[in-house]
Amino acid sequence: MTLRESCGEVAIVEGAWERGYSSLVAFYKEHGHCQVNNTNLHVREGLKKKSFLIGWVAYQRKQHIHYCEGEPSTLNEEMVALLDDLNFPWKKRPTTHRKGSGFCSKKKARLQKLEEELLEVKNDKILKVKNKELLKAKHEDFLEVKINEDILEDKSEEFLEDKNEEFLEDKNEEFLEDK
């Protein structure tokens, strides 16, 4: 039984399925995988062909969900087996750029530059905070020293006044004793 015979009622869909499968096989032969997305389909392949294959792949994923859940689906066992033979990714993976593409390296360079700028800004902010903390600590130390100097000056004046009074009292007593 051929693929067309096994599909029966969906012969129109099957024609589209066969075209999509043929496009996917060609894509697989060129790229070595079935991760079809905008970034790995080249402009030279033509917009119509590109849109068809992207839409076809998305439709197969959606139909596979129905097929696995036992719901009506345009996929059958043979179609699933053919796609499995190509290691078809039933779940869409995040888009990745081809290695060595100018876009990818430019994007990485821009990202690295932005990360460096961000680090510089963070370091600048940290430095400003540290400087503020240092200035605050120096100001607090200065105030403490100033307060201690004022206290010492006051104590020194009191001490000198006390000693001066004691000295004068002693001298006054001596003077009175001598008389």
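The values are calculated or read from the model by the stated rules, or taken from the named source; none is laboratory data. As the structure is a computational prediction, the values presented were derived from the model and not from experiment. Neighbour counts run over all protein chains shown; Cβ positions are idealised from the backbone, glycine included. All accessible areas refer to the heavy atoms of the entire protein, side chains included, with ligands and DNA or RNA removed. Shrake-Rupley method; radii C 1.70, N 1.55, O 1.52, S 1.80 Å.
Couple of notes before you dig in:
- From the list ARG4, ARG19, the one residue that fits, being in a helix (DSSP H, G or I), open to solvent by 40 Å² or more (accessible area, probe 1.4 Å) and modelled with pLDDT of 85 or more, is ARG19.
- ASP124 more than 30 Å from GLU18 (Cα to Cα), in a helix (DSSP H, G or I) and at pLDDT below 80: no
- In the stretch 38-60, of all residues being among the charged types (D, E, K, R) and under 20 Å from TRP17 (Cβ atoms), the one that is modelled with the highest pLDDT corresponds to LYS50.
- Selected residue [at pLDDT 85 or above and open to solvent by less than 90 Å² (accessible area, probe 1.4 Å)] from ALA137, ALA81: ALA81
- In the stretch 27-37, residue modelled with the lowest pLDDT [restricted to those that are open to solvent by 50 Å² or more (accessible area, probe 1.4 Å) and more than 18 Å from ARG61 (Cα to Cα)]: GLU30
- Unmet requirement for SER105, which otherwise passes all of (1) of a type outside the set (Asp, Glu); (2) in contact with a helix residue (DSSP H, G or I) (Cβ under 7 Å, 6 or more places away or on another chain); (3) modelled with pLDDT under 80; (4) not in a loop (DSSP other than H, G, I, E, B): (2)
- Applying a threshold of 8 Å to beta carbon distances and a minimum spacing of six or more residues, or different chains, the list of pairs starting in the stretch 15-31 at a residue that is at negative phi and ending at one that is among the hydroxyl-bearing types (Ser, Thr, Tyr) and not in a helix (DSSP H, G or I) reads TRP17/THR74.
Residues are listed down the side, and each one gets a yes or a no for (1) open to solvent by 100 Å² or more (accessible area, probe 1.4 Å); (2) modelled with pLDDT of 80 or more; (3) in contact with a Phe, Trp or Tyr (Cβ under 6 Å, 6 or more places away or on another chain); (4) among the basic types (Lys, Arg):
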| site | (1), (2), (3), (4) |
| --- | --- |
| LYS62 | yes, yes, no, yes |
| LEU86 | no, yes, yes, no |
| GLY100 | no, no, no, no |
| LYS163 | no, no, no, yes |
